[in-house]
Amino acid sequence: MTSPAPHSTVDRDRLARLMSVEVDRFARAHPRSATLHEQAKESLLDGVPMNWMSEWASPFPLFVESAHGASFRCVDGHDYVDFCLGDTGAMAGHGPAPTIAVVERQMRRGITHMLPTEDAIAAGEELTRRFGLPLWQFTMTATDANRFSIRLARRITRRSKILVHDECYHGSVDETFATLDADGRVVATDLNIGPPVDPALTTRVAPFNDIGALERALEDEEVAAVLVEPALTNVGIVLPEPGYHEALRDLTRRTGTILIIDETHTICAGPGGMTARDGLQPDMLVIGKTIGGGIPAGTYGMTHAIAERVRAAMPPRADVGGVGGTLAGYALSTAAIRATLGEVLTDEAFDRMIPLAERWEAGVNEVIARHRVPWHVTRLGARAEYHFMPTPARDGAEQAAHGDHPLERYLHLAAMNRGVLMTPFHNMALMSPATKASDVDRHTAAFDEAVAALVA
Ligand SMILES: Cc1ncc(COP(=O)(O)O)c(C=O)c1O
């Protein structure tokens, strides 16, 4: 059963009034960003270098002057605590010193030559230590790592379909832009831009935590791979119920389906993501974004058994086979991964980051309780998020049904106006090794002020 719609708990007129006050405040405080945005419109579509950057709650994006650790300064001279951290691209903190040192050195020694350097070996060994899989390949992005994993899974199983969770996000991977309609049929997601084919042809979709749906989708043995985040993180956080991952592993093994776990966001659970924390046993594992400390980097790992099948199935010339890329695994990227995993996002760093997320969770929960709003916080390791419903969702559709875009935008803009940046797409806060308790408390105070105005 779903909870009452959030609309019943927030006065919409008050919300609109408060939002316009915040918009004015933002505009007054950021004349230089406003001017640069106007100038940018002359050469950049909608005045931004990439369309996602139009989606902030502010009337125009902040232009950044510089970023260090867990904070940045905008061109108008205001400082911000950054809980968005480049939507996890900067989870290691902005400009971590060990990554900068190694990257600077590597830039002088050759950025790319389509030949390996020793750093790639160290990066592979560290990935094995963390995630357990023995063999790795590198890419530029997590999207690419997912795309290549899917291609390899299709090639070695000679099956055509991919299964994903409803309301998933795995990057701009065509097969994953599928959802379930009200009758449980697979359809393209509303926002799918120019799909090459109807995703119903390539994809099956199961609600998160629904073992029966997995069973039905896999039983005819036409699915090459199941590609999943071990917890949903892109529709807010939805955690797995006890036994779900065991059932998923059991069903994929029984049906000869390759299990690909995408840890790109769920690395927040610990140094080896949920795979290490919860003893998951994927056939393949994908991770990107965080691991390069901001330098483009992605990777996919595999078991020896999968590797043998890959070798046996590869065409004689693989360079134009749809797996790989000119800069994939390039020297700068593997150097950055080595330094970032080896010296920044270390086991000890997670020991500091996770308690900070607990502090964030406790602070936000206290505000929610004191103001009696029917919301809650879900946390996964170093990542936490508030949701506009009283109890955690069981699957992506339930979570999505409680999304409240105007409310979210107000809370985000109110936070920005008080020096705190949240992720634009949902209510996520991520801790980096550089985040401090006072940063967390600054968000709690901003959130308190915004919610108090809403319920006054
Ligand atoms: C779980 C997951 N996988 C893959 C990606 C794709 O990452 P990128 O955009 O760096 O390719 C994302 C991006 O948000 C993600 O959340």
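The values are calculated or read from the model by the stated rules, or taken from the named source; none is laboratory data. None of these values were measured; they are calculated from a predicted model. Cβ coordinates were reconstructed from backbone atoms using ideal geometry, including for glycine residues, and neighbour counts include every protein chain displayed. All accessible areas refer to the heavy atoms of the entire protein, side chains included, with ligands and DNA or RNA removed. Shrake-Rupley method; radii C 1.70, N 1.55, O 1.52, S 1.80 Å.
Below are the figures for this structure:
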quantity	calculated
Relative contact order for the chain, counting Cα pairs under 8 Å that sit 6 or more residues apart, in percent	24 percent
Within segment 433-447: backbone nitrogen closer than 18 Å to the residue 277 label point (7 Å, Cα to C-beta)	433-435
Cut-off 19 Å, label 7 Å out along Cα→Cβ of residue 436, residues of segment 62-98 by amide N	66-74, 78-85, 92-97
Rounded if a/c under 1.5, otherwise prolate or oblate - segment 258-336, Cα gyration tensor axes	oblate
Geometric extent, Cα atoms of segment 34-182 - Rg, Dmax (angstrom)	20.0, 57
Two-site label geometry, residue 405 and residue 53: point separation in nm, points 7 Å out along Cα→Cβ	2.2 nm
Cβ-derived FRET efficiency at R0 60 Å, residue 97 paired with residue 185, nearest 0.05	0.70
Added length on full extension, which subtracts the Cα-Cα distance from 0.36 nm per residue, residue 369 to residue 25	121.0 nm
J(HN,Hα) series, segment 368-375, from Karplus relation 6.51 cos²θ - 1.76 cosθ + 1.60, nearest Hz, glycine and proline x	4, 5, 5, 8, 6, 9, x, 10
Cα→Cβ-extended label distance, 7 Å offset, between residue 75 and residue 241, nm	5.1 nm
Computed over segment 304-455: relative contact order in percent, which uses C-alpha pairs under 8 Å that are six or more apart	24 percent
Three-way shape call for segment 308-456 based on the alpha-carbon gyration tensor, with the a/c threshold at 1.5	prolate
Fraction of accessible area attributable to carbon and sulfur, segment 126-279 (%, probe 1.4 Å)	50 percent
Qualifying aspartates and glutamates (Cα of each under 15 Å from Cα of residue 161; at least 8 residues distant if same chain)	174, 175, 198, 215, 219, 220, 221, 222
Residue 327-residue 220 FRET efficiency (beta carbon distance; Förster radius 35 Å; 0.05 resolution)	0.35
In nm, spacing of pseudo-spin labels at residue 66 and residue 41 (7 Å Cα→C-beta vector)	3.1 nm
Sites matching trypsin sites (Lys or Arg not before Pro) across segment 294-334 that sit in DSSP coil, with at most 10 neighbouring C-beta atoms within 10 Å	317
Three-way shape label, segment 318-403, alpha-carbon gyration tensor, a/c 1.5	oblate
